[in-house]
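One structure, pasted below without further comment.
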Amino acid sequence: SPYPIKMKGEVVRGFGRGSKELGTPTANLPEEATEALCKDIETGIYFGWSQVGNDPIVYPMVMSLGWNPYYKNEKRSAEVHIMHTFPEDFYGVELRVVVLGYIRPEKDYSSLDALINDINIDIQVANNSLARPAYTEYKKDQLFGISG
Ligand code: ADP
Ligand code: MG
């Protein structure tokens, strides 16, 4: 198993494709943070834990790994939706993630309703998996320091 996959990097701006308007903003990791670690796994939706900047708390997350159009689809980028309501944006702040499992492949959506529905299912799947002791254990991963 390739898991756990650990990544960290300063949050960069994406294309503002409206994730925030859907209620699921996705914090983009820089290409360098994604490239090396993700080259052996397929594109799609993943789940795991995340931590932002100096916040000691480790939150559940769902991550979309996809080909990055900015790099002519030759490199991948990771977009992380954290299941927590933050008081403000955190562009430029260090984001750390531990990826623990795969949920599903990417899809092309014909309707916004279908997309939102799938995102909500992904979040449920992630929360259910992360509640299991073998996964909860990773909240204490070294990557997150002494917190968790
Ligand atoms: P972009 O295209 O720039 O990624 P988004 O609409 O996807 O724009 O919004 C992402 C930004 O929203 C993140 O970079 C972060 O600063 C902020 N943000 C606020 N709350 C969250 C959250 N719960 N999960 C991820 N990002 C969040
Ligand atoms: Mg985004």
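Tell me the residue from S1, S19 that is within 14 Å of ligand 2 (Cβ to nearest atom), of a type in the set (S, T, N, Q), out of contact with any Lys or Arg (no Cβ under 8 Å at 6 or more places or on another chain) and under 20 Å from P105 (Cβ atoms), please. It would help to see each step written out before you state the result.
Numbers: S1 fails: within 14 Å of ligand 2 (Cβ to nearest atom).
Of S1, S19, the one residue that is within 14 Å of ligand 2 (Cβ to nearest atom), of a type in the set (S, T, N, Q), out of contact with any Lys or Arg (no Cβ under 8 Å at 6 or more places or on another chain) and under 20 Å from P105 (Cβ atoms) is S19.
Among the residues of the stretch 44-52, is any polar (S, T, N, Q) and modelled with pLDDT of 95 or more?
Among the residues of the stretch 44-52, at least one is polar (S, T, N, Q) and modelled with pLDDT of 95 or more, which makes the answer yes.
Of the numbered conditions (1) assigned to a loop (DSSP other than H, G, I, E, B); (2) away from ligand 2 (no atom under 16 Å from the Cβ); (3) under 22 Å from V125 (Cβ atoms), W49 satisfies every one except a single condition; which is it?
(1)
Right, something else. Any residue in the stretch 74-93 that is assigned to a loop (DSSP other than H, G, I, E, B) and modelled with pLDDT under 95?
Checked against the condition, which is being assigned to a loop (DSSP other than H, G, I, E, B) and modelled with pLDDT under 95, the stretch 74-93 yields at least one hit.
Shifting gears a bit: Here's a check for you: in the stretch 22-38, which residue that is away from ligand 2 (no atom under 16 Å from the Cβ) and touching a residue at least 12 places away in the same chain (Cβ under 8 Å) is surrounded by the fewest Cβ atoms within 10 Å (Cβ to Cβ)?
Top of the filtered list is E32.
Against the definition (farther than 22 Å from Y109 by Cα, within 10 Å of ligand 1 (Cβ to nearest atom), surrounded by 16 or more Cβ atoms within 10 Å (Cβ to Cβ) and modelled with pLDDT of 90 or more), how does V62 come out, yes or no? Steps first, please.
Working: farther than 22 Å from Y109 by Cα: no; within 10 Å of ligand 1 (Cβ to nearest atom): yes; surrounded by 16 or more Cβ atoms within 10 Å (Cβ to Cβ): yes; modelled with pLDDT of 90 or more: yes.
Judged against the criteria, V62 is not a match.
Scan the stretch 106-124 for residues that are closer than 11 Å to I45 by Cα and either at pLDDT 95 or above or surrounded by 13 or more Cβ atoms within 10 Å (Cβ to Cβ) (or both) and report the count.
Our first condition is that a residue be closer than 11 Å to I45 by Cα; within the stretch 106-124, this holds for 106-107, 118-119, 122-123.
This time we only want the ones that are either at pLDDT 95 or above or surrounded by 13 or more Cβ atoms within 10 Å (Cβ to Cβ) (or both), so: 106, 118-119, 122-123.
So the answer is 5.
Just to be sure, is I123 assigned to a helix (DSSP H, G or I), within 27 Å of P56 (Cβ to Cβ) and among the aliphatic types (A, V, I, L, M)?
Yes, satisfied.
Another question about this same structure. Given the structure, is S19 within 12 Å of ligand 1 (Cβ to nearest atom), surrounded by 10 or more Cβ atoms within 10 Å (Cβ to Cβ) and in a strand (DSSP E or B)?
Values: within 12 Å of ligand 1 (Cβ to nearest atom): yes; surrounded by 10 or more Cβ atoms within 10 Å (Cβ to Cβ): yes; in a strand (DSSP E or B): no.
Criteria not met by S19.
Answer with yes or no whether S1 is crowded, with 16+ Cβ neighbours inside 10 Å, among the hydroxyl-bearing types (S, T, Y) and either free of Cβ contacts under 8 Å to residues at least 12 places away in the same chain or in a loop (DSSP other than H, G, I, E, B) (or both).
Details: crowded, with 16+ Cβ neighbours inside 10 Å: no; among the hydroxyl-bearing types (S, T, Y): yes; either free of Cβ contacts under 8 Å to residues at least 12 places away in the same chain or in a loop (DSSP other than H, G, I, E, B) (or both): yes.
No.
Collect the residues in the stretch 52-73 that are assigned to a loop (DSSP other than H, G, I, E, B) and more than 18 Å from D141 (Cα to Cα), keeping them in residue-number order.
N68, K72, N73
Moving on. Does at least one position in the stretch 23-37 carry a residue that is over 13 Å from the mean Cα position of the chain (by Cα) and within 14 Å of ligand 1 (Cβ to nearest atom)? Steps first, answer last, please.
So the first thing to find is which residues in the stretch 23-37 are over 13 Å from the mean Cα position of the chain (by Cα), and the list is 23, 31-32, 35-37.
Cutting the leftovers down to within 14 Å of ligand 1 (Cβ to nearest atom) gives us 23, 31.
Yes, the conditions are met somewhere in the stretch 23-37.
Among the listed residues K20, K8, which satisfies the condition of being over 12 Å from the mean Cα position of the chain (by Cα) and basic (K, R)? Walk me through how you get there before you give the answer.
Working: K8 fails: over 12 Å from the mean Cα position of the chain (by Cα).
Of the residues listed, the single one that is over 12 Å from the mean Cα position of the chain (by Cα) and basic (K, R) is K20.
The values are calculated or read from the model by the stated rules, or taken from the named source; none is laboratory data. Owing to the predicted nature of the structure, the values given are computational and were not obtained by experimental measurement. All Cβ positions, glycine included, derive from the backbone under ideal geometry; neighbour counts span all protein chains shown.
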